[in-house]
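K.L.:
Mind looking over this structure? Questions follow.
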Amino acid sequence: MKRHDVFATPIWHIEGSSESLVNELYQGAYRFKEKFKSENKSNKGGYQSPPFDWDKFHPQGIEYIESKVKEIIGDDYKLGVDSWWYNINGKGNWNLPHSHPGCDFALVWYLTDSDGLLQIMNPHLNVKLTKPLSNSVTIDAKVGDILMFPAEIVHYVLPNERETDRVSISVNLQLS
């Protein structure tokens, strides 16, 4: 008897963006926090900026993300960005399980180490025979790393246990 595990979920891990760009984006997170009220979407505590249009993003950041995503999707699709926002989770702050409806991919750019707190849920848990598979996986992204995955995948962020903030940027991507 054979078991065939099919329909794997791709998660792309892009390592090591420019330190100076990451530092500029990190500082920008706190400027946005001072200027814009926190949204209450998936966050429990912490700061989640309102969503912004792509043209309000850092020009070098736009160029970097678009080039990296193009390496993944190739020339067959045109990339569109629905929105982006900052996340700042202080000690004890976390994010509820959620997905990103209405777009094709979710992208997270880490401006600090992730500490392995992002949990990607197994989409095949509705069948008892998947018991040997885990409920979720995590990828330990470092400062400057980007994770991209299908937007319909449910994910959440465990509480930050550090005394320092965990800072990231989330981006909703669409292909046409």
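The values are calculated or read from the model by the stated rules, or taken from the named source; none is laboratory data. No experiment lies behind these values; they were computed from the predicted model shown. Neighbour counts run over all protein chains shown; Cβ positions are idealised from the backbone, glycine included. Surface accessibility is based on the protein's heavy atoms, side chains included, excluding ligands, DNA and RNA. Shrake-Rupley method; radii C 1.70, N 1.55, O 1.52, S 1.80 Å.
K.L.:
In the stretch 84-108, which residues have a backbone nitrogen under 16 Å from the label point lying 7 Å from residue 154's Cα in the Cα-to-Cβ direction?
P.N.:
Inside the label zone: 95-101.
K.L.:
Let me ask you something else. Report the convex hull volume per residue for the stretch 65-106, counting only C-alpha atoms, in Å³.
P.N.:
106 Å³
K.L.:
OK, next. How long is the stretch 36-111 along each principal axis, judged by its Cα atoms, biggest number first, in Å?
P.N.:
41, 25, 19
K.L.:
Further, regarding this structure: Under 10 °C and 1.306 mPa s, how fast does the chain diffuse according to Stokes-Einstein, given a Kirkwood radius computed over C-alpha pairs? Answer in µm²/s, whole number. Could the numbers behind the result be given before it?
P.N.:
On the way: Rh = 16.9 Å.
For these conditions, the coefficient is 94 µm²/s.
K.L.:
Relative to the longest principal axis of the C-alpha atoms of the chain, give the angle of the C-alpha long axis of helix 19-35, reported between 0 and 90° and rounded to the nearest 10°.
P.N.:
Value to nearest ten degrees: 70.
K.L.:
With every protein chain present, what is the per residue accessible area of the stretch 9-165 (1.4 Å probe, Å²)? Write out the running numbers ahead of the final one.
P.N.:
Details: 8750 Å² over 157 residues.
Ligands and nucleic acids excluded, the result is 56 Å² per residue.
K.L.:
At 7 Å along the Cα-to-beta-carbon direction for both residue 9 and residue 66, put a label point, then send me their distance in nm to one decimal.
P.N.:
3.0 nm
K.L.:
For every helix of n ≥ 4 consecutive DSSP H residues, a contribution of -39,500 (n - 2.57) applies; sum these over the chain, divide by its total residues, and give [θ] at 222 nm rounded to the nearest 500 deg cm²/dmol.
P.N.:
One gets -6000 deg cm²/dmol as the mean residue ellipticity at 222 nm.
K.L.:
Right, here's the next one. Taking Cα atoms, how many degrees apart are the long axis of helix 59-73 and the longest axis of the chain, rounded to 10 and kept between 0 and 90?
P.N.:
It is inclined by approximately 10 degrees.
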